[in-house]
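Everything below concerns the one structure shown next.
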Amino acid sequence: MGRKLGLTLLEVLVILGLAFGLGWGLNARSGKVDVRRNYFARAALPVAPEPEPLMAMPNDPAAPPPAAGKPAHGYQTISIDELEALVDDPNTEGGLNMIVDARNTDFFAKGHLPFAVRIYPYTVQEDLPPYEDQLLAAEKIVVYCGGGQCEDSALMCRELLAKGVPYDKIYLYEGGFSEWEQAKKPISMSAEP
């Protein structure tokens with residue numbers, strides 16, 4: 001019985017060897033499979049690209065220059081004169097145009113643009129819901145922060161896009177509150193609405 005089992009195992013091994021050789025030979029001849037390739041080698045894991053900065057800093061030599069005529073943050077911009085006209089527009093007081101102050105509560109309390117609502121991008125889950133319907137219905141939304149190298153207004157623009165506000169309605173005022181104040185434009189000291 002032991003000898004018979006040994007012969008059976010030997011026959012199985014010979015059949016498997018012939019099947020493997022025949023399969024390997026036919027695959028190599030068909031040209032569909034490269035028999036020299038190691039199909040079981042570990043593939044290199046893809047490397048995630050470095051995230052681009054939200055806004056390139058002017059003194060960063062490694063930062064790529066913005067595309068010609070386009071600001072580094074990628075949003076539409078509005079000038080101080082255009083913003084002043086928007087503040088004077090009756091549609092702004094009526095809520096059809098909105099001005100979003102992307103600074104924190106302390107800065108907002110010290111002064112802000114007339115008709116501005118404060119929505120801080122770092123507390124957007126708490127600050128945005130009372131204004132969400134109004135923002136979605138607005139014809140134009142201007143977002144500002146402190147100005148200069150402050151990125152809070154660009155972050156807020158990103159949050160508005162994420163909430164479904166169309167890109168063409170969002171404008172970023174790059175000069176920020178500091179430029180507005182230095183130009184002696186009207187400032188409101190009212191508490192948050």
Which numbered condition in (1) among the hydroxyl-bearing types (Ser, Thr, Tyr); (2) over 15 Å from residue 79 (Cα atoms); (3) touching a helix residue (DSSP H, G or I) at 6+ places or on another chain (Cβ under 6 Å) is the only one that residue 190 fails? (3)
Being without any contact (Cβ under 8 Å) to a residue 40 or more places away in the chain and not β-branched (Val, Ile, Thr) is true for just one of 128, 86, 96, 113. Which residue is that? 128
Residue that is surrounded by the most Cβ atoms within 10 Å (Cβ to Cβ) [pool: residues in the stretch 139-179 that are of a type in the set (D, E, K, R) and in contact with a Gly (Cβ under 8 Å, 6 or more places away or on another chain)]: 174
Would you mind stating whether residue 72 is aliphatic (A, V, I, L, M), within 30 Å of residue 188 (Cβ to Cβ) and at pLDDT 70 or above? yes
Condition first: closer than 18 Å to residue 181 by Cβ, part of a loop (DSSP other than H, G, I, E, B) and modelled with pLDDT of 95 or more. Can you find one or more residues in the stretch 92-101 that meet it? no
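The values are calculated or read from the model by the stated rules, or taken from the named source; none is laboratory data. Values in this document were obtained by computation on a predicted structure and should not be read as measured data. No Cβ is skipped: glycine too gets one built from the backbone with ideal geometry, and neighbour counts run over all protein chains shown.
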